[in-house]
Structure formats: structure tokens, C-alpha cells
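Below is one structure, written out as C-alpha cells; the observations come after it.
The values are calculated or read from the model by the stated rules, or taken from the named source; none is laboratory data. Model, not experiment: these values are computed from the prediction. Ideal geometry is used to build each Cβ from the backbone, glycine not excepted, and the neighbour counts take in all protein chains shown. These area figures cover heavy atoms from the full protein model, side chains too; ligands, DNA and RNA do not enter into them. Shrake-Rupley method; radii C 1.70, N 1.55, O 1.52, S 1.80 Å.
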Amino acid sequence: MKYSLGIDAGGTYTDAVLMRNNDGVIVNFNKSLTTYPDLIEGVKNAIYGLDQSYLKDIYIVSVSTTLATNTVLERTGYPVGLILVGKYEVPEDLDVEYYVVVNGGHTTRGDEYSELDEKKVADFVKRVKDNVSAFAVSSYFSVRNPDHELRIKQIIRDLTDYPVVCGHELSQDLGVYERGVTAYLNAQLLPITTRFIQSVRFETERRFINAKMRMLKCDGSIVGIKEALEKPIELIFSGPSASLMGASYLTNLDSCAVIDIGGTSTDVSLMENGLPELTETGALVGGWQTKVRALRMETSAMGGDSHVWVKNQKIHIGPRRVIPLCVAAEKYPGLVDKLKKERIPSNKQLTENIQPTIFYIKTEEEPIHLTEPESIILEKIKNNEPASINDILQETSTPDIFLNSLTQKRLIQAIGFTPTDALHILGDYERWNINAAHIGATLLSRVANTLNYKFCRSVKDKVTHTLALNVISFIFKNVQKSEIDKILHNTNLSKFKLLVPLVLIGASARVYQSDLNSLIDADIRVPEFAEVGNAVGAVAGKGIKRVYILLKSVYNYENDEVRTIVFSPGRRDEFSDYDDALDFARKIGHELIFNYMDDAGLDKSGVKIDMKREDITMDGSDRTPIETSLVFVGVWDIEHKK
């Protein structure tokens with residue numbers, strides 16, 4: 001009997017599931033806390049909690065992770081040298097330390113626009129090579145002719161042994177600057193992704209798991225390790241993709257909306273006719289507009305671990321993630337006694353960082369370049385005993401800015417009251433230390449001038465309202481969120497209705513089901529194994545490959561003839577006959593899809609390929625098209641394994 005192991009390293013939990021290959025049944029699963037900054041420890045713990053007798057029969061290991069997304073968001077990627085070729089207008093706020101713009105580039109037909117300045121390229125590489133770990137190259141209209149990018153790649157390889165990422169290798173879409181950004185971010189992620197994948201491989205091999213390894217991409221498709229190592233930028237948003245694929249698989253629905261209620265955030269996405277809905281403009285992550293085709297989603301910085309805090313008797317949730325009091329008390333038993341002794345700061349002092357329930361713990365990160373106030377505060381915080389805000393206030397009356405900077409530098413981690421703590425008080429979720437949650441709720445209810453239980457009920461109601469607001473605004477994308485919010489606050493006379501089922505995924509999904517149904521009219525489902533839905537999605541992801549090919553008819557004045565140019569990924573081919581060009585494009589489209597499936601270790605006999613064709617003709621005539629756009633979509637899904 002063969003099994004597949006799915007692993008999802010999320011913001012709060014790292015989940016592992018075992019799926020039986022012959023019938024797709026989940027036979028075992030485990031949840032462990034995600035470990036920072038080294039995710040591999042959480043992966044080890046997740047695998048360790050599985051029934052070890054299955055491990056020898058694992059055939060596939062498939063992984064989804066927040067690593068790429070968090071690296072971009074937190075700007076912790078490796079330094080990269082960026083080479084831009086052609087008529088670039090570089091934004092003034094370009095946040096890249098090492099870059100150069102050189103002459104070169106091509107036209108829309110793929111003809112050379114200007115000669116490539118190879119000397120300037122070589123001079124730049126020699127100047128910055130000791131300060132970077134990789135290079136990224138983006139040339140004007142490289143999707144029409146990649147020659148200049150490839151020549152630069154060879155120059156860099158002649159001068160260094162560093163990785164080189166070219167824009168045309170990642171996207172066939174027009175948009176030279178966005179392709180440059182995509183190549184730059186991809187190069188930043190190469191060392192980090194390589195280390196993570198190697199660590200997962202080492203861990204599986206150490207446990208005698210002799211299996212093929214795959215990763216889940218941001219469009220819900222699975223990819224082989226070779227491509228994952230070359231294109232880690234496509235792993236951004238793989239977590240939300242995993243929840244969407246998992247929800248669809250667990251409910252056997254081809255069309256559904258999905259809410260993934262995580263610890264750090266809540267994500268909404270949509271599956272239509274078996275395929276994830278993708279964003280039309282490319283993924284936007286951390287302020288960077290990329291050309292990565294990712295699923296369209298709505299993200300809210302509100303999850304089970306979002307910080308609940310009070311100011312002027314008003315309850316706020318997030319956006320910061322903290323360790324829930326109930327979880328922290330399991331690891332630090334002395335926390336409960338400290339909570340009992342906490343005094344409430346004055347209303348003037350209260351901020352998100354200064355609350356009677358906030359504590360700080362030191363991480364394993366090495367401190368560098370600290371200011372004197374940061375050093376003083378860090379000295380009060382230990383790595384084995386949480387420091388209360390009152391301890392810190394003894395050192396300085398204005399610690400807010402320094403607590404923020406220490407948190408951003410990953411030197412400290414906050415502990416506080418969260419929606420997870422509130423659910424413990426309400427009796428909806430009781431996995432951790434309820435005593436710590438109760439004391440925290442008592443302290444904050446005093447600040448909010450309300451009762452303990454009522455305070456926790458208000459927290460749950462705010463989370464439920466946000467879930468409803470997010471899913472409705474996602475579906476009604478042309479309606480202002482503020483207008484949707486007004487209707488949701490008055491559901492006695494009217495309600496929004498969803499025409500597709502709404503699937504909830506996450507450890508706390510089930511406790512919000514009935515409350516959410518009171519706000520919106522929908523078929524709301526919480527499937528079995530919803531608490532590990534992302535790990536299910538990692539292993540149930542489909543093999544999806546999209547190939548975009550353009551045929552362009554051009555008049556050659558020298559030979560007095562019309563020729564057809566075929567622009568395909570990494571290629572530019574010319575034909576004297578349009579039908580020959582079309583046949584060639586069809587052949588290339590199918591070959592690229594089958595090569596992708598083969599690299600991912602998927603059975604090509606189970607691949608279905610559809611082709612969409614759009615022609616632009618002169619005055620609507622039936623003559624040879626001026627331009628033909630072909631989109632090939634190849635799909636392999638887990639049903640073919642059964």
C-alpha cells in the first residue's frame with residue numbers, strides 16, 4: 001500500500017497528513033506549532049506526531065509553506081544585483097540597493113532595438129559581486145526575443161558562479177519593470193528556498209522516507225523540486241492555494257468559495273469549475289507588483305492569534321500576531337502567576353504594545369546594531385521567562401517605539417490575549433490552558449468596562465463579522481466594502497446570498513459556522529479534516545500548466561512577403577506559412593505541458609489539455625489573422641491516482 005504525505009508550514013501551525021493513494025482517504029494527521037525563525041523544526045514535529053508505521057510506504061511528499069511570502073513581506077531576502085536592459089523608467093522609490101540600467105533590448109517584433117552594452121554589464125558584475133548572492137536580469141521585450149538576457153546570463157556565469165534569473169524565464173506577459181521585479185524577488189528567494197527544501201529532504205531521508213518531493217504553487221498546481229528550486233517566487237501564497245485545493249478535495253466540490261481561518265490571517269479565495277480563480281494583473285506581495293500568476297484572494301490580518309487589545313473601552317483585534325496566553329502558559333507555567341499580579345496601566349498609557357495582558361519573550365536571533373533604549377529593554381526580556389509590560393515600564397515610560405523595532409528585528413516575540421483565548425472562555429475551543437485565558441479576559445474586560453463573558457462574546461462577534469465582510473467583498477468585487485459593511489450590520493431585514501457553497505478551513509472553522517450563517521445566506525460547510533485542510537491541499541493539488549503562445553504576422557519589405565513569428569516561452573521562430581506556424585505552436589504548447597507534468601512526476605496519460613484561441617483579423621475578414629493568441633491549459637488531478 002502506498003501513501004502520500006502532505007505538509008503545510010503555516011503562520012501558526014505546521015500540519016501533516018497521510019493520504020492513501022489507492023482511494024484518497026486520509027488515514028492519519030498531526031498538528032504542531034510552527035517554529036520561528038527555522039520552519040524545519042515545526043516540520044520535524046509534525047512528522048514525528050504521525051503514526052510512524054506508515055512512513056516506509058510513503059511514495060510522494062508534497063509541501064506548501066509561507067516561507068516565500070514571509071520573506072518578501074519582511075524584506076529578509078538575500079542581496080541581489082539587478083540588471084535592467086533597454087528603455088527603463090526606474091521608479092524613484094525603487095527599493096533595490098544594487099542595480100544598473102544598460103543599453104539594449106528589442107522591439108515588439110523581436111528585432112534588436114539597440115546594441116547590448118556588454119562592457120557596462122561586466123563592469124557592474126565585477127563591482128557588486130562581493131556584495132550579492134545572485135543576479136536578476138530583465139530586458140525590454142525579452143518575451144519577444146530573450147537574446148540579450150541570455151547573453152548577460154553568460155557574461156555573469158563567465159565572471160562568477162552565482163545563480164542568474166532572467167525575466168523571460170518567469171513570465172511571458174508584457175511589462176518590463178514588473179518582470180524585473182519578479183526576477184529580482186525570485187533571485188532573493190533562491191538561497192532560502194534551497195535551504196528549506198534541502199532540510200525537508202534531509203528530514204524525510206533521515207526517517208527512511210524514499211519518496212518523490214513536490215511543492216504547491218500559488219495557482220494551486222503542484223510542481224517538481226527542480227522547478228521549485230529555479231522559480232521559488234511561484235511559491236508565494238502557496239498557503240492560501242493549499243487551503244483552496246484542500247477545501248475542494250474534502251468537499252468534492254468543483255465550485256466553491258473558501259475561507260481559511262488561520263492563526264496569523266484569514267484568506268478568502270474561489271474555485272470555479274475545478275480551477276482556482278487567478279488574479280488578472282499578477283500577484284501583489286509586500287508592495288511589489290509581480291508578473292506571477294497567482295490565485296485571486298482577499299487577506300485580512302485577523303486570525304486566531306491576532307492580538308486583542310483595548311483603548312478607550314473599545315475592543316481592537318490585530319493586526320499584530322502574538323502567542324495566545326492559553327498557548328504560552330503551557331510552555332511557560334509561571335505565566336499564570338504573573339498574570340494574576342498584573343496591574344492595569346492608565347488609559348493614557350494604553351497602546352497595542354502596552355496592555356495588562358501583554359508579555360514579551362526573547363527569541364534565538366542574535367542582536368545587532370541596537371540603540372541604547374533597545375538594549376535596555378532587551379536586557380529585561382529573557383528567553384525562558386516572559387517579561388510583563390509592567391517590568392518594561394520600570395525601565396522607560398515610552399517603550400512603544402522600541403518594542404516595535406525589537407519585534408520587527410525578530411529579537412522578541414509578544415504574548416497576549418487573542419480570539420483563541422476568547423474561544424476557550426466561551427467553551428468553543430479548549431485545547432490549551434483555560435486558566436490563563438480566563439485571567440486575561442478578566443483584566444481586559446475591566447479595561448473595556450464590561451463583563452468577562454460578554455467581552456469574549458464581543459471578540460468572537462467581531463471576528464465573525466470580519467469573515468462575512470471579507471467573503472462578500474471578495475465575491476462582490478465592484479461594490480465598496482463600506483456599503484457591504486452597512487448591510488451586514490442590519491441583517492434583520494436583508495441578507496447577502498451566495499450561490500456557491502462556502503467552505504470553512506482551519507482549526508477554529510467549526511466554531512464560526514452557525515454565527516456566520518446568521519449574517520449571510522449560504523450553504524456553509526466545514527468538512528472532516530478541516531483543521532488540517534491546508535496539508536490536505538498540499539497533497540491534493542492538481543497538476544496545472546498554462547502555456548501562452550503568440551503568433552504575429554509581419555510584412556517583410558526586403559522579400560515582399562508576409563511571415564508569421566511564433567513567440568513561445570524562451571523562443572522566437574519564423575515561418576513563411578501561417579498554418580505551419582500554427583501547427584508548430586500547437587506542438588510546442590503540448591510539449592511544454594507534458595514536460596512540466598513529467599518533471600512533477602505525474603502520469604502524462606492522465607493529462608487533459610484544452611486550447612483557447614483568439615484571432616485578430618483585418619476588418620473581421622477570414623484572411624490570415626494579424627495576430628493569434630493561444631492559451632493551453634493542461635490539467636492532471638488526484639483522481640487519476642485512484
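With the Cα gyration tensor of region 202-253 giving a ≥ b ≥ c as the square roots of its eigenvalues, does the rule (a/c under 1.5 for rounded; else a/b larger than b/c for prolate; else oblate) give rounded, prolate or oblate? It is oblate, given that a/c is not under 1.5 and a/b is not larger than b/c.
Sorted largest first by accessible area at a 1.4 angstrom probe radius, with every protein chain in place, the residues 219, 147, 580 fall in the order 580, 147, 219. Put one equal scatterer on each alpha carbon of region 184-328, apply the Debye formula with no solvent term, and list log10 I(q)/I(0) at q = 0.21 1/Å to two decimals. Values, matching the q order: -1.27.
Summed over qualifying helices (DSSP H, 4 residues or more, each -39500 (n - 2.57)) and divided by its residue number, the chain shows a 222 nm mean residue ellipticity of -10500 deg cm²/dmol. With R₀ set to 30 Å, the beta-carbon distance separating residue 497 from residue 289 gives a calculated FRET efficiency near 0.30.
Computed 3J(HN,Hα) for region 504-510, one whole-Hz value per residue from the Karplus formula 6.51 cos²θ - 1.76 cosθ + 1.60 where θ = phi - 60°, is 9, 10, x, 4, 9, 4, 5, glycine and proline marked x. The count of lysine pairs in region 478-613 with alpha-carbon distances below 26 Å, taking only pairs 8 or more places apart or on different chains, stands at 18. With a Förster radius of 56 Å applied to the beta-carbon distance between residue 272 and residue 370, the computed FRET efficiency rounds to 0.65. A probe of 1.4 angstrom, applied to the heavy atoms of all protein chains, finds residue 243 with accessible area near 0 square angstrom. Contact order for the chain, expressed relative to its length and based on alpha carbon pairs under 8 Å spaced 6+ residues apart, stands at 13 percent.
Taking all protein chains as they are arranged and a probe of 1.4 Å, the heavy atoms of residue 618 leave approximately 100 Å² accessible to solvent. Surface composition of region 186-257: carbon and sulfur make up 48 percent of the accessible area, probe 1.4 Å. Its alpha carbons give the chain an Rg and a Dmax of 26.8, 90 Å.
Label region 288-427 by shape, choosing from rounded, prolate and oblate, from the square roots a ≥ b ≥ c of the eigenvalues of the Cα gyration tensor; if a/c is under 1.5 it is rounded, and otherwise prolate applies when a/b is larger than b/c, oblate when it is not.
It is oblate, given that a/c is not under 1.5 and a/b is not larger than b/c.
For region 100-221, the calculated P(r), taken from all Cα-Cα distances in 10 Å bins from zero up to the bin holding the longest distance, is 12, 36, 28, 16, 6, 1 percent.
Amide hydrogen proximity for residue 285: with H placed 1.01 Å from N in the peptide plane, the residues at 5 or more positions away or on another chain lying under 5 Å are 290. Both radii come from the Cα set of region 1-159: Rg as radius of gyration, Rh as Kirkwood radius; their ratio Rg/Rh reads 1.19.
Protection proxy ranking of 475-483, 167-175, by the mean of other Cβ atoms within 10 Å over each peptide's residues and highest first, is 167-175, 475-483.
For region 525-539 and region 238-270, what is the centre-to-centre distance using only Cα atoms, to the nearest Å? First find each Cα centre; the distance between them is then 8 Å. Remark: region 160-168, residue by residue, has Karplus-estimated 3J(HN,Hα) of 9, 10, 7, x, 10, 10, 9, x, 5 Hz, where x stands for each Gly or Pro and the curve is 6.51 cos²θ - 1.76 cosθ + 1.60 at θ = phi - 60°. Roughly what would the spin-label model give for residue 461 and residue 96, points 7 Å off Cα along C-beta, in nm? The modelled label-to-label distance comes out at 5.1 nm.
In the complete set of protein chains, residue-level accessible area for residue 514 is approximately 80 Å², probe 1.4 angstrom. Counting only the Cα atoms, region 485-572 fills a convex hull of 213 Å³ per residue. Taking all Cα pairs closer than 8 Å and separated by 6 or more residues, the relative contact order of region 471-570 comes to 18 percent. Largest to smallest in accessible area, the residues 288, 432 fall in the order 432, 288 (1.4 Å probe, all protein chains included). Placing a pseudo-label 7 Å from each Cα along the Cα-to-Cβ vector at residue 518 and residue 453 gives an inter-label distance of 1.4 nm. Calculate, for residue 404 and residue 560, the FRET efficiency according to 1/(1 + (r/R0)^6) with r their C-beta to C-beta distance and R0 60 Å; round to the nearest 0.05. Taking R0 as 60 Å, the efficiency between residue 404 and residue 560 is 0.30.
Rolling a 1.4 Å sphere over the protein heavy atoms, what is the accessible area per residue of the chain, to the nearest Å²?
44 Å²
Sorting 93, 260 by accessible area puts them as 93, 260; the probe is 1.4 Å, largest comes first, and only protein heavy atoms count.
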